[in-house]
Amino acid sequence: MPYLDHAATTPLREEALAAMLPFLRETYGNPSSLHGPGRRARVAVDRARERVAAVIGAEPGEIVFTSGGTEADNAALRGVVTGATRRDTGRPGLVTSAVEHEAVLQTAQALVTDGHPVTILPPDAAGRLDPAGLGDAVGEGTGLVSAMLVNNEIGTINPIREIADAAHAAGALMHTDAVQAAGLLTLDVDALDVDLLSLSSHKVGGPKGVGALFVRAGTPFAGVQTGGSQERKRRGGTENVAGIVGFAEALVLADAERDEAATRIGSLRDQLRSRLVDAFGDRLVVNTPADAAPHVLNVSLRPSASGPLDGEMLLTALDLEGVHASAGSACTSGALEPSHVLLALRRDRDVAAATVRFSLGRTTTEADVEAAAGALRRVVARLDTVAA
């Protein structure tokens, strides 16, 4: 049964599970404890921190472990702009784009409520944030610019280095959500020139409930979770030792396989696109640009003569066919509104509502792709007949 929702979550790698098991059984100490079991747990966390840092070209002390990508995004935004306010630097503002993950957009709205100036810029036709457009938006009061490296719904790759250069030229710091890029694109914090970068474990074959935030040394950052001195007082709370170890193992393996995986997955994604174009012709709207990250294919279907398709019925019918896909971010599943990303790209609501995001991964096969294309063709034909 084709699982084509890897952008939502990936299967746990056996290697990650094997690395975790000792810390779920015999090595169960609290890494903040001074006795032997605690010290062994601390060594495991520190080793995992070194491994994560090495993948992205950072120093171990620049890695803050979190509960996942959402917390990392929240911490990046709040940690910089609220920290800047507390330090009276006069830069409490945020600039971001309308197609960011809800972890950024909802945090941005909360910052507005708290009195922070926030500017949300429209993307270009492919969903990118134009670095040239930052010139007017980033002012003396802007503390942070946040733009995702790879869009989780349509796969667009942002020119993060150019965006970071524009942000830094205006005196602002730069954050990127790299959750969908890990294991598929090269991640180098110096090449990207970012000050903060978010990662999530379960997008690379690691366990759920763990992630990381890179905070460049010297970046003004106020910890937003209190109650302990863990993570150099940047994130209080007992570390998830087993999860952190599993995350590091999965990330290292995904990065080692990155080039080969990206080529193979990209080829399968292109094959799926070709099959769907052949099946639906001009009725198909391909929302994913040609130069997107290799694992995402987001498509919409225009209304037929019998009317628009019901997006929820479309996904349910696919699921009954054994094809597991989504309409967009799993964090907003169940929402009645069409994707905010597609609306920002000015898609008609009827088109945006009839959307499927196929996202491929390490376990995807050619048979999965062919099965998905055939299933979508059958499902649409049935739904059109029902609506007639």
Residue 183: passes all of (1) out of contact with any Leu (no Cβ under 6 Å at 6 or more places or on another chain); (2) surrounded by 18 or more Cβ atoms within 10 Å (Cβ to Cβ); (3) more than 24 Å from residue 263 (Cβ to Cβ); (4) not hydrophobic (A, V, I, L, M, F, W, C) but (3)
Just checking, which of 51, 91 is touching a residue at least 12 places away in the same chain (Cβ under 8 Å), touching a helix residue (DSSP H, G or I) at 6+ places or on another chain (Cβ under 7 Å), of a type outside the set (Gly, Ala, Ser) and under 20 Å from residue 235 (Cβ atoms)?
51
Per the filter on the range 34-64, residues under 21 Å from residue 195 (Cβ atoms) and open to solvent by less than 10 Å² (accessible area, probe 1.4 Å) are 52, 53, 56, 63, 64
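Hey, among the residues in the range 204-256 that are of a type in the set (Asp, Glu) and over 18 Å from the mean Cα position of the chain (by Cα), which one's nearest to residue 152 (Cα to Cα)?
Checked the range 204-256; the qualifying residue nearest to residue 152 (Cα to Cα) is 249.
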On the basis of being within 19 Å of the chain's Cα centre (by Cα) and of a type in the set (Asp, Glu), does residue 278 make the cut?
no
Checking residue 120 against (1) open to solvent by 10 Å² or more (accessible area, probe 1.4 Å); (2) out of contact with any strand residue (DSSP E or B) (no Cβ under 9 Å at 6 or more places or on another chain), which test does it fail?
(2)
Pick out the one residue from 236, 218, 227, 223 that is of a type outside the set (Asp, Glu), open to solvent by 40 Å² or more (accessible area, probe 1.4 Å) and closer than 25 Å to residue 110 by Cβ.
227
Note: among 89, 85, just one is part of a loop (DSSP other than H, G, I, E, B) and hydroxyl-bearing (Ser, Thr, Tyr), namely 89
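The values are calculated or read from the model by the stated rules, or taken from the named source; none is laboratory data. Please read all numbers here as calculations on a predicted model, not as lab measurements. A quick note on method: Cβ atoms are made from the backbone with ideal geometry, for glycine too, and the neighbour counts reach across all protein chains shown. Calculation scope for accessible area: heavy atoms of the full protein, side chains included, ligands and nucleic acids excluded. Shrake-Rupley method; radii C 1.70, N 1.55, O 1.52, S 1.80 Å.
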